[in-house]
Amino acid sequence: MKKLLSGNQAIARGAYEAGCKFASAYPGTPSTEILETLAAYDEIYSEWSPNEKVALEAATGAAFSNARSLAAMKHVGVNVAADPLFTLSYTGTRGGIVIITADDPGMHSSQNEQDNRHYAIAAKIPMLEPSDSQEAKDFTMRAFELSEEYDAPVLLRTTTRIAHSECLVEIGERVELDRDYAFERDQAKFVMVPAHARARHVLVEERMRQLAEYAETCKENVVEERKTDIGIITSGIAYQYVREVLPEASILKIGLVNPLPRRLIRDFAARVGKLYVIEELDPIIEKHVRSLGIEVEGKPDEFRCGEIGPAKIRSFILGASIPGASPAAKAHPPVMCPGCPHRGIFHALNRLKLLVMGDIGCYTLGVAPPLNSIDTCVDMGASISHAVGASHVVPPERQKAMVAVIGDSTFIHSGITGLINAVYNKANLTLIILDNRTTAMTGGQPHPATGRTIKGEETFRLDLVNICRACGATSVRVIDPYDLTASRAAIETATREDGVSVLITNRPCMLIDKSAWNPPYRIDEEKCSACKACLTLGCPAIVDHSTGAEKAAPEINSLLCTGCGLCGQVCKFDAIVPRETATDTTR
């Protein structure tokens with residue numbers, strides 16, 4: 001039977017059919033749907049972990065106990081999980097363990113564009129890279145086998161296009177493994193003190209030699225013989241682009257991208273005329289081919305950034321021009337949703353002209369006009385640490401003009417240690433935790449402060465207020481972000497206090513709790529002065545109808561408005577009212 005699956009769904013199906021028993025992840029686009037799909041299988045225990053490091057460590061514990069386990073994360077999540085990953089290469093495993101790294105060429109929803117094939121090389125572990133959903137399923141199943149056969153964690157690399165595109169996938173039955181699930185004591189293997197690690201390092205090098213030999217004949221590396229005037233070495237989604245642009249070219253499709261084959265590449269290069277390497281992001285395969293003394297042409301330097309795409313391939317191989325994007329094709333910049341509880345906080349921060357250390361989440365959209373209220377954004381949990389560092393070097397009078405903002409899920413992910421650092425090292429700053437009771441940016445997944453598991457079961461709910469107090473914050477207050485006057489006053493008070501002051505907002509994301517929606521607001525044109533104060537909120541439900549020098553009253557789109565009431569609070573003319581109390585001349 002065949003079923004239409006995305007790459008993420010196919011990975012989950014592959015894990016299910018391979019007999020996986022444990023899966024963990026921290027949500028992050030483009031990997032999120034893997035665990036969401038796995039959670040639907042009762043045979044697999046699945047959990048959202050506080051961060052990727054914890055997710056990998058939990059999966060490792062299951063694998064050490066002879067279970068097949070999987071940890072899924074986006075590419076920057078591997079940065080967080082790198083500490084256990086590198087040593088896991090030394091310990092090896094018992095049950096197969098597969099780590100999904102979902103890279104994001106083009107930065108569709110990421111703060112950088114890194115090529116995680118480097119992790120496989122640096123950690124000296126095998127990596128597979130599928131080129132469609134069928135391979136995503138098949139390679140996941142094979143990854144578990146390779147992990148157990150070579151006593152190694154296996155990285156499986158996808159990209160945004162593979163993760164979210166769909167194709168027909170052959171569906172099979174689950175294999176129930178006949179094995180004893182128990183941890184067997186083996187200190188020389190699992191306790192990485194230096195004496196044990198030195199011996200394990202020798203085994204790692206031998207393992208890579210064996211895997212390099214396996215790469216020469218494995219079914220994941222495929223030669224497609226066609227015309228021999230042009231030969232292409234490629235992998236992943238780039239293979240699909242090559243087939244579209246150069247259907248007659250001979251292709252060496254690399255599925256096992258670490259370690260790369262030597263003899264296979266030499267043999268293929270000897271049978272073709274002009275040899276190209278087409279890969280996304282860094283020239284990893286290209287450099288390997290050149291190291292073999294083979295003349296090859298890789299993509300031009302100007303194509304090092306972003307997705308490769310058919311147009312770029314046509315450009316540097318066929319000499320075709322790259323068509324420019326039409327105005328209609330340009331995407332609208334992302335903005336906070338109508339009714340977003342974060343909007344009022346950033347409006348206040350903007351009006352108070354505070355320096356705002358930002359973090360990773362949908363609140364990062366506070367950087368966009370007209371709010372313009374995010375000044376740094378680097379990685380998960382960094383906002384607090386940035387503020388700590390800055391507070392110790394700027395003059396005292398500037399310290400409290402600096403605020404760190406972080407979401408509830410991000411605070412749990414990696415912000416708590418930053419808060420501990422701030423208090424311990426006597427920083428002088430204000431922290432605002434934007435608690436919307438979900439991991440909103442990736443689609444509304446639960447986390448430890450929601451009191452729900454991935455299956456919706458009730459569990460212990462982490463108390464953010466008590467966590468902050470336990471960390472030693474000078475003051476901790478809960479504020480209503482829909483009350484602009486009170487929120488602004490609370491921020492002003494916090495920034496005048498010495499030490500670490502914490503403000504925690506208390507409104508849920510409007511997309512996960514629609515019961516909080518109120519009747520939409522409208523603008524009374526008779527009272528409206530067209531001062532455009534309401535437009536300073538940056539709410540997409542408010543439409544500006546002014547043209548040039550001609551002023552016109554804005555309009556509130558009743559289909560978008562959630563009735564949060566922020567616009568009514570910024571209007572000095574009482575022109576913005578709930579729909580049922582508006583006059584007939586409202587818009």
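Data table
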{"quantity": "Complete set of residues in the range 101-135 that are in a loop (DSSP other than H, G, I, E, B) and either more than 19 Å from I308 (Cα to Cα) or not assigned by TED's automatic domain parsing to the domain that holds A15 (or both)", "calculated": "K124, I125, P126"}
{"quantity": "Within the range 160-204, tally of residues that are part of a helix (DSSP H, G or I) and not hydrophobic (A, V, I, L, M, F, W, C)", "calculated": "10"}
{"quantity": "Pick from the range 213-260, criterion charged (D, E, K, R) and touching an Asp or Glu at 6+ places or on another chain (Cβ under 8 Å), ranking: farthest from L128 (Cα to Cα)", "calculated": "K227"}
{"quantity": "H545, sole failed condition from (1) at pLDDT below 90; (2) assigned to a strand (DSSP E or B)", "calculated": "(2)"}
{"quantity": "Residue in the range 466-483 that is of a type in the set (G, A, S) and on the phi > 0 side of the Ramachandran plot present", "calculated": "yes"}
{"quantity": "Residue identified as over 20 Å from T159 (Cβ atoms) and either modelled with pLDDT of 95 or more or crowded, with 21+ Cβ neighbours inside 10 Å (or both) among A15, A82, A63", "calculated": "A63"}
{"quantity": "C564 part of a loop (DSSP other than H, G, I, E, B) and out of contact with any strand residue (DSSP E or B) (no Cβ under 9 Å at 6 or more places or on another chain)", "calculated": "no"}
{"quantity": "The one condition in (1) under 21 Å from the mean Cα position of the chain (by Cα); (2) within 26 Å of C539 (Cα to Cα); (3) surrounded by fewer than 24 Cβ atoms within 10 Å (Cβ to Cβ) that A382 fails to fulfil", "calculated": "(2)"}
{"quantity": "Lone unmet requirement of (1) surrounded by fewer than 16 Cβ atoms within 10 Å (Cβ to Cβ); (2) touching a His at 6+ places or on another chain (Cβ under 6 Å); (3) within 21 Å of I254 (Cα to Cα) for A188", "calculated": "(3)"}
{"quantity": "Matching residues in the range 476-525 - criterion: being charged (D, E, K, R) and either closer than 18 Å to R351 by Cα or surrounded by 21 or more Cβ atoms within 10 Å (Cβ to Cβ) (or both)", "calculated": "D480, D483, R488, E492, R496, R507, R522"}
{"quantity": "Selection count, the range 124-153, where residues are touching a helix residue (DSSP H, G or I) at 6+ places or on another chain (Cβ under 6 Å) and on the phi > 0 side of the Ramachandran plot", "calculated": "1"}
{"quantity": "Single match in N428, N436 (criterion: of a type outside the set (K, R) and within 20 Å of the chain's Cα centre (by Cα))", "calculated": "N436"}
{"quantity": "Qualifying residue in the range 141-159 (condition: of a type in the set (D, E, K, R), under 18 Å from the mean Cα position of the chain (by Cα), modelled with pLDDT of 95 or more and outside any loop (DSSP other than H, G, I, E, B))", "calculated": "yes"}
{"quantity": "Criterion: within 19 Å of L146 (Cβ to Cβ) and among the β-branched types (V, I, T) - qualifying residue of T87, T93, T37, T32", "calculated": "T93"}
{"quantity": "Condition broken by S409, with the remaining ones in (1) surrounded by 23 or more Cβ atoms within 10 Å (Cβ to Cβ); (2) touching a Gly at 6+ places or on another chain (Cβ under 6 Å); (3) assigned to a helix (DSSP H, G or I); (4) of a type in the set (S, T, Y) satisfied", "calculated": "(2)"}
{"quantity": "Residue that is nearest to R351 (Cα to Cα), among those in the range 388-406 that are small (G, A, S) and in contact with a Ser or Thr (Cβ under 8 Å, 6 or more places away or on another chain)", "calculated": "A401"}
{"quantity": "Filter result for the condition that a residue is of a type in the set (G, A, S) and touching a strand residue (DSSP E or B) at 6+ places or on another chain (Cβ under 7 Å), over A195, A215, A182, A188", "calculated": "A215"}
{"quantity": "Residue check, G389 of a type outside the set (A, V, I, L, M, F, W, C), under 23 Å from the mean Cα position of the chain (by Cα) and on the phi < 0 side of the Ramachandran plot", "calculated": "no"}
{"quantity": "Any chance V393 is surrounded by fewer than 21 Cβ atoms within 10 Å (Cβ to Cβ), without any contact (Cβ under 8 Å) to a residue 24 or more places away in the chain and either within 30 Å of A81 (Cβ to Cβ) or not assigned by TED's automatic domain parsing to the domain that holds C534 (or both)", "calculated": "yes"}
{"quantity": "Single residue of P578, P520, P508, P540 found to be touching a residue at least 60 places away in the same chain (Cβ under 8 Å), in contact with a Lys or Arg (Cβ under 6 Å, 6 or more places away or on another chain) and at negative phi", "calculated": "P508"}
{"quantity": "The one condition in (1) at pLDDT 95 or above; (2) over 38 Å from the mean Cα position of the chain (by Cα) that K527 fails to fulfil", "calculated": "(1)"}
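The values are calculated or read from the model by the stated rules, or taken from the named source; none is laboratory data. No experiment lies behind these values; they were computed from the predicted model shown. Cβ atoms come from the backbone with ideal geometry, glycine included; neighbour counts cover every protein chain shown.
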